[in-house]
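> Attaching a single structure in structure tokens format; questions to follow.
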Amino acid sequence: MTRQTRDLVDTLVLAHRILVNEGVLDAFGHASVRDPDRPDVFWLGRALPPSRLGASDVLAFDLDSSPLEKTDTAIYSERFIHSEIYRARPDVHAVCHHHAPSLMPFCVGQLELSAVSQTGAFLGSKVTLWDSTDEFGPTRMLIDDPRQAASLARALDTQSLVLMRGHGTVVVGRSIEDMVFKAVYACRDADAYRAAAAFGAASPLSPAEIALCGEPGVPAIQRGWEHWTATLATHGDTIKSERVR
Ligand SMILES: [Zn+2]
């Protein structure tokens with residue numbers, strides 16, 4: 001493992017801590033990062049609660065979701081989500097699958113998720129809700145085979161986020177820090193939208209406003225990362241903030 005890869009794995013572990021702290025991950029869910037030197041390899045933890053993950057628990061996988069080194073340890077059955085998205089999206093360098101309560105109402109109800117604020121503009125006018133029954137009929141509501149994962153990657157298309165009916169969410173980023181920003185602010189936007197919709201006053205951003213806001217820039221992502229690592233520190237953690245790549 002190169003020094004750059006080791007740093008990325010450390011950042012991935014930190015991202016799990018942040019995502020737990022921010023209510024995105026709980027006992028379930030996982031995040032990964034593409035290897036910087038081998039685009040057909042990604043790093044993902046073994047099957048642990050995200051809060052328990054350490055750097056030594058992170059394993060390298062190929063794009064068939066097979067571990068590069070033989071292992072007897074339990075690995076996530078839903079790792080195909082990561083491999084099929086990395087296969088379909090060369091621009092994606094980090095992936096997170098989660099079941100955050102902020103987004104679950106949009107996975108089980110009639111309300112469509114739209115961007116309602118500047119920090120959530122990356123969501124666009126309508127987030128796609130992927131329904132596994134369309135192609136696969138009744139399932140166990142787990143993406144534990146590559147065919148379902150490839151279908152999900154097609155539904156994600158060029159977006160940053162896709163919702164999964166009766167299941168959860170996948171969010172992707174150009175970096176770990178970008179993915180964390182989008183994971184957190186998708187939840188914030190969803191919370192605002194639901195709260196406003198409850199009294200009939202939700203007013204999503206217009207397509208023109210969404211286009212003007214664009215993707216989150218590095219300064220915004222850096223500010224978020226500094227805040228979230230500082231918040232971890234106040235909870236007794238000793239992790240230091242790092243510069244966003
Ligand atoms: Zn899941």
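> Over the chain, average the accessible area per residue using a 1.4 Å probe and give it in Å², no decimals.
46 Å²
> Let me ask something else. Å³ per residue of the Cα convex hull, for the range 34-167?
Output value, Cα hull per residue: 132 Å³.
> Moving on. Can you give the local net charge around residue 135? Use residues other than it whose beta-carbon is closer than 10 angstrom to its beta-carbon, Lys and Arg +1, Asp and Glu -1.
The answer is 0.
> Below 8 Å, C-alpha to C-alpha, sequence gap of six or more: please give me the relative contact order for the chain in percent.
Once normalised by length, the contact order is 20 percent.
> Which is farthest toward the positive dipole end of the range 82-146 among 129, 95, 142, measuring Cα position about the Cα centre, with Cβ charges +1 (Lys, Arg) and -1 (Asp, Glu)?
Highest projection toward the positive end goes to 95.
> Let me ask something else about it. Quote the relative contact order of the range 99-245 in percent (integer), defining contacts as alpha-carbon pairs under 8 Å separated by 6+ residues.
RCO, the range 99-245: 29 percent.
> Taking square-rooted eigenvalues a ≥ b ≥ c of the alpha carbon gyration tensor, is the chain rounded, prolate or oblate, where a/c under 1.5 means rounded and, failing that, a/b exceeding b/c means prolate?
Judged from the Cα gyration tensor, the chain comes out oblate (a/c at least 1.5, b/c at or above a/b).
> Here's another thing I want to ask about it. Would you kindly calculate the translational diffusion coefficient of the range 67-106, applying Stokes-Einstein with the Kirkwood radius from alpha carbon pairs, for 25 °C and a viscosity of 0.890 mPa s, and quote it in µm² s⁻¹ without decimals?
The diffusion coefficient I find is 196 µm²/s.
> Same structure again: Per the 1.4 Å probe, what fraction of the accessible area of the range 3-224, in percent, lies on carbon and sulfur atoms?
Answer for the range 3-224 is 52 percent, counting heavy atoms of protein chains only.
The values are calculated or read from the model by the stated rules, or taken from the named source; none is laboratory data. Worth saying up front: this structure is predicted, and the values here are computed from it rather than measured. Note that we place each Cβ from the backbone using ideal geometry, even for glycine, and neighbour counts take in every protein chain shown. Areas reflect the complete protein model, heavy atoms only, side chains present, ligands, DNA and RNA absent. Shrake-Rupley method; radii C 1.70, N 1.55, O 1.52, S 1.80 Å.
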